[in-house]
Amino acid sequence: MAYLERILGEHPFFAGLDDEHGRLLAGCARNRRFAAGEYLFREGEAADEFYLIRHGQVALETLVPGRAPLVIATLGEGEIVGASWLLPPYRWMFDARAVTLTRAIGLDAACLRGKCEVDHHLGYDMMKRFLPVVVKRLHDTRLQVLDVYGDD
Amino acid sequence: MSMATTDPRAAGPAPFVPQAYRVEEVTRELADTVSLRLAPLDGARPDFRPGQFNMLWAFGVGEAAISISDVETDGSFVHTVRAVGAVSGALAGLEVGTRVGLRGPFGTGWRVAEARGADVVVVAGGLGLAPLRPAIQALLADRARYGRVAILVGARSPETLLYPEALAPWQRRPDVEVLVTVDHAGADWAGRVGVVPGLVPRAAFDADDCVALVCGPEVMMRFTVAALRHAGVAAERIHVSMERNMKCAVGWCGHCQFGPAFVCKDGPVMRYDAIADLFSIPEV
Ligand SMILES: Cc1cc2nc3c(=O)[nH]c(=O)nc-3n(C[C@H](O)[C@H](O)[C@H](O)COP(=O)(O)OP(=O)(O)OC[C@H]3O[C@@H](n4cnc5c(N)ncnc54)[C@H](O)[C@@H]3O)c2cc1C
Ligand code: FES
């Protein structure tokens, strides 16, 4: 447990996490390893775990009928994968594929939601960490949609 | 590569008279983009500073501002032209052996030497790598005089990454961090997908002691500047290259006015703190 607590605290997403919250979160955490090409999750599946990438690269993909899968974004070391576990209906909206060997911490979503409900300080702390990531990704997506490179 | 330390306009021929150049080589870079290697028919190519531009004249069509994207030791300029309209379309269609008029070089350049001793972050989006390439070459030619060097490159897709043959050797150098991203890609692309401002937090540099050189579409530059500011880089350490329609290129006609400045003479490379209020970062 102490090991996972330390690893969690070292991940940029949990920078400055207090010890008590670290202990609570570690209770929901486990080490995960994905070989290149392996899927962390597939679109439509239950969003029951979210991931802190420690090492490697993950591609978020979607399928457009009649076309090869499209990569929407890639995520790397120090980033998190997955926000759909936060809100009903708790289903993944995209596929997440390990591009290279990826090591991550997986946090059990139901466990985490339960602890956030019981301890609102923890819940608020989680929201303060999640919201900037979600907003930044929204901004990035808007910039992508703008297709700034025009006719390139 | 030789670079001027004085204002090249002072030494050059009358600024309105194009000099005749010959197209020595045409390299297709992208579906709509070519690089032209141009050698003067008479005399020597004028000196230039990385970041400056020439006015290229397609005979019978007109003139357009095009950045200097490289120079060759044989005394030729290299210009990378994307066909977006009449003039650029005519330039991009030129064949080896044909002639083109050239005035310049004009404008301010990247203040590469001023960054000595500091970390340097170069951020290029799309065709923005063209005017930055000579700055990168100058940095790498004098590598020991700079701190960490990060080159962040963005493009629409893997197929539209400019100068892959230049990127590869930069990527192999242990003393340069090169991060490349594309906005859209298929699953066969093993690199990053995401917008270029998203690379800023991933690059290693000292925000308190770095110089940032940014060039690309204006929206991309706005978001990149926001990311650099968020990382703690002071406005006066950020340099951007602006584009406005040009006509005279020497500060006389007012075509390229950008607030109180003329992009042809006070730019194209400008310090962000000087133009911050014109270059507003909208809420998105
Ligand atoms: C300092 C400076 C450096 C430049 N360097 C280069 C360079 O290295 N390579 C290069 O290809 N171009 C460069 N440009 C841009 C080039 O000068 C313009 O694209 C020019 O207007 C082309 O003339 P045109 O007659 O072909 O197109 P225009 O008739 O002027 O324009 C045709 C269409 O393209 C659009 N357009 C014009 N300019 C741009 C632009 N910059 N980006 C996107 N859409 C545009 C117009 O809105 C119009 O719809 C530079 C401009 C400046 C000011
Ligand atoms: S192009 Fe004439 S003033 Fe700049």
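Taking the condition at pLDDT 95 or above and more than 21 Å from residue B:67 (Cβ to Cβ), does residue B:163 pass? Taking the combined requirement at face value, the residue does not satisfy it.
Residues in the range B:135-158 that are surrounded by 15 or more Cβ atoms within 10 Å (Cβ to Cβ) and more than 19 Å from the chain's Cα centre (by Cα): B:146, B:147, B:148, B:157, B:158.
Within the range B:218-238, how many residues turn out to be surrounded by fewer than 19 Cβ atoms within 10 Å (Cβ to Cβ), of a type in the set (A, V, I, L, M) and within 13 Å of ligand 1 (Cβ to nearest atom)? Residues in the range B:218-238 being surrounded by fewer than 19 Cβ atoms within 10 Å (Cβ to Cβ), of a type in the set (A, V, I, L, M) and within 13 Å of ligand 1 (Cβ to nearest atom): 1 in total.
How many residues, within the range B:222-254, are within 16 Å of ligand 2 (Cβ to nearest atom) and farther than 24 Å from residue A:146 by Cα? Break it down stepwise before answering.
The first filter runs over the range B:222-254 and keeps only residues within 16 Å of ligand 2 (Cβ to nearest atom), leaving B:241-254.
Of the ones still in play, those that are also farther than 24 Å from residue A:146 by Cα are B:246-254.
Within the range B:222-254, residues that are within 16 Å of ligand 2 (Cβ to nearest atom) and farther than 24 Å from residue A:146 by Cα number 9.
Looking only at residues in the range B:180-207 that are closer than 14 Å to residue B:220 by Cβ and not in a loop (DSSP other than H, G, I, E, B), which one is nearest to the other protein chains (Cβ to nearest Cβ)? Applying the filter and picking the extreme gives B:198. With respect to residue A:152, determine if the residue is within 14 Å of chain B (Cβ to nearest Cβ) and at pLDDT below 90. Considered against the rule, which asks whether it is within 14 Å of chain B (Cβ to nearest Cβ) and at pLDDT below 90, residue A:152 comes out as yes.
If I ask for residues that are in a loop (DSSP other than H, G, I, E, B) and either within 14 Å of another protein chain (Cβ to nearest Cβ) or within 10 Å of ligand 1 (Cβ to nearest atom) (or both), which ones from the range B:239-254 would you list? Listed by number, the residues that qualify are B:242, B:243, B:244, B:245, B:246, B:249. From the list A:19, A:95, A:108, A:48, the lone residue that is free of Cβ contacts under 8 Å to residues at least 60 places away in the same chain and open to solvent by 40 Å² or more (accessible area, probe 1.4 Å) is A:19.
If you go through the range B:192-201 one residue at a time, do you hit one that is more than 16 Å from the chain's Cα centre (by Cα), aliphatic (A, V, I, L, M) and open to solvent by 20 Å² or more (accessible area, probe 1.4 Å)? No, the range B:192-201 has no match at all.
Going through B:170, B:189 one at a time, which residue ends up being aromatic (Phe, Trp, Tyr), more than 16 Å from ligand 2 (Cβ to nearest atom), open to solvent by 50 Å² or more (accessible area, probe 1.4 Å) and within 30 Å of residue B:27 (Cα to Cα)? Show your work before the answer.
Working: B:170 fails: open to solvent by 50 Å² or more (accessible area, probe 1.4 Å).
Within the list B:170, B:189, the selection yields B:189.
Looking at B:183, B:119, just one residue is over 27 Å from residue B:264 (Cβ atoms), among the acidic types (Asp, Glu), crowded, with 19+ Cβ neighbours inside 10 Å and touching a residue at least 40 places away in the same chain (Cβ under 8 Å), and that residue is B:119.
I'd like to check something: does the range B:255-275 contain any residue that is more than 16 Å from ligand 2 (Cβ to nearest atom) and either among the hydrophobic types (A, V, I, L, M, F, W, C) or crowded, with 20+ Cβ neighbours inside 10 Å (or both)? Please lay out each step first, then the result.
Step one: of the range B:255-275, the residues more than 16 Å from ligand 2 (Cβ to nearest atom) are B:271-274.
Filter once more, keeping what is either among the hydrophobic types (A, V, I, L, M, F, W, C) or crowded, with 20+ Cβ neighbours inside 10 Å (or both): B:272, B:274.
Looking through the range B:255-275, at least one residue is more than 16 Å from ligand 2 (Cβ to nearest atom) and either among the hydrophobic types (A, V, I, L, M, F, W, C) or crowded, with 20+ Cβ neighbours inside 10 Å (or both).
State whether one or more residues within the range B:131-142 are in the same structural domain as residue B:207 (by TED's automatic domain parsing), touching a residue at least 24 places away in the same chain (Cβ under 8 Å) and within 19 Å of residue A:148 (Cβ to Cβ). Yes; the residues of the range B:131-142 include at least one that is in the same structural domain as residue B:207 (by TED's automatic domain parsing), touching a residue at least 24 places away in the same chain (Cβ under 8 Å) and within 19 Å of residue A:148 (Cβ to Cβ).
Kindly establish whether residue B:98 is within 14 Å of another protein chain (Cβ to nearest Cβ), at pLDDT 95 or above and away from ligand 2 (no atom under 16 Å from the Cβ). Against the criterion (within 14 Å of another protein chain (Cβ to nearest Cβ), at pLDDT 95 or above and away from ligand 2 (no atom under 16 Å from the Cβ)), residue B:98 does not qualify. Just name the residue that is nearest to ligand 2 (Cβ to nearest atom) out of those in the range B:53-77 that are part of a strand (DSSP E or B), among the β-branched types (Val, Ile, Thr) and open to solvent by 10 Å² or more (accessible area, probe 1.4 Å). Restricting to residues being part of a strand (DSSP E or B), among the β-branched types (Val, Ile, Thr) and open to solvent by 10 Å² or more (accessible area, probe 1.4 Å), the top hit is B:66.
Of all helices (runs of 4 or more DSSP H) completely enclosed by the range B:83-179, which ones contain at least 3 residues that are out of contact with any Ser or Thr (no Cβ under 6 Å at 6 or more places or on another chain) and under 26 Å from residue B:256 (Cβ atoms)? It would help to see each step written out before you state the result.
Numbers: elements: B:86-92, B:129-141, B:164-172.
Ranges flagged: B:86-92, B:129-141.
What about residue A:123, is it open to solvent by less than 20 Å² (accessible area, probe 1.4 Å) and assigned to a helix (DSSP H, G or I)? Give the steps one after another, and end with the answer.
Details: open to solvent by less than 20 Å² (accessible area, probe 1.4 Å): yes; assigned to a helix (DSSP H, G or I): yes.
Yes; evaluated as a whole, the condition is true for this residue.
Of the set (1) on the phi < 0 side of the Ramachandran plot; (2) at pLDDT below 95, all apply to residue B:90 but (2). Kindly evaluate residue B:205 against the criterion of being among the aromatic types (Phe, Trp, Tyr), away from ligand 1 (no atom under 12 Å from the Cβ) and closer than 20 Å to residue B:147 by Cα. It is true that residue B:205 is among the aromatic types (Phe, Trp, Tyr), away from ligand 1 (no atom under 12 Å from the Cβ) and closer than 20 Å to residue B:147 by Cα. Among the hydrophobic types (A, V, I, L, M, F, W, C), part of a loop (DSSP other than H, G, I, E, B) and more than 14 Å from every other protein chain (Cβ to nearest Cβ) - does that describe any residue in the range A:69-87? Yes, the range A:69-87 contains a residue that is among the hydrophobic types (A, V, I, L, M, F, W, C), part of a loop (DSSP other than H, G, I, E, B) and more than 14 Å from every other protein chain (Cβ to nearest Cβ).
The values are calculated or read from the model by the stated rules, or taken from the named source; none is laboratory data. Note that the structure is predicted; figures quoted are calculated from it, not measured. Every residue, glycine among them, receives a Cβ derived from its backbone with ideal geometry; neighbour counts consider all protein chains shown. What goes into the accessible areas is simple: the full protein's heavy atoms, side chains included, and nothing from ligands, DNA or RNA. Shrake-Rupley method; radii C 1.70, N 1.55, O 1.52, S 1.80 Å.
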